[in-house]
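These notes are about the structure you will find just below.
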């Protein structure tokens, strides 16, 4: 990467940070400090290393699976999605909305709560 590429990357990262989005390239963590509303979106997958400090709304989206290690500080809404199971290691600090979803399998740590 040359110096122009590095300065463009630094600029893009500073813009994201100003919007509450922090990407740590070395640890491959994408952290969003607020809510993320993807309701009705065409997104089918989320990246590994995703941390949402607020709510994550995926209802009525095309999402088909959640990444391992997903952390949601607030509520996670999966109503009317095609997701069939939740990954081990999923952390949800608020409510988990799965009514009208296709979820048939819950991780042990969530099923017992």
- Query: Considering segment 79-99 alone, what residues qualify as being closer than 15 Å to residue 35 by Cβ and touching a strand residue (DSSP E or B) at 6+ places or on another chain (Cβ under 6 Å)?
  - Reply: 92, 97
- Item | Near pairs, Cβ below 7 angstrom, 6+ apart or cross-chain, from segment 68-85 (in contact (Cβ under 8 Å) with a residue 12 or more places away in the chain and at positive phi) to any residue that is part of a loop (DSSP other than H, G, I, E, B) and surrounded by 18 or more Cβ atoms within 10 Å (Cβ to Cβ) | 80/59; 80/101
- Note on the structure: Checked segment 94-113 for anything assigned to a loop (DSSP other than H, G, I, E, B) and loosely packed, with under 15 Cβ neighbours inside 10 Å; matches are 94, 95, 99, 100, 102, 104, 107, 112, 113
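Every number in this text was worked out from the coordinates using simple rules, so none of it is lab data. Here the structure is a predicted model, which means the values were calculated and not measured. We place every Cβ from the backbone using ideal geometry, glycine too, and count neighbours over all the protein chains shown.
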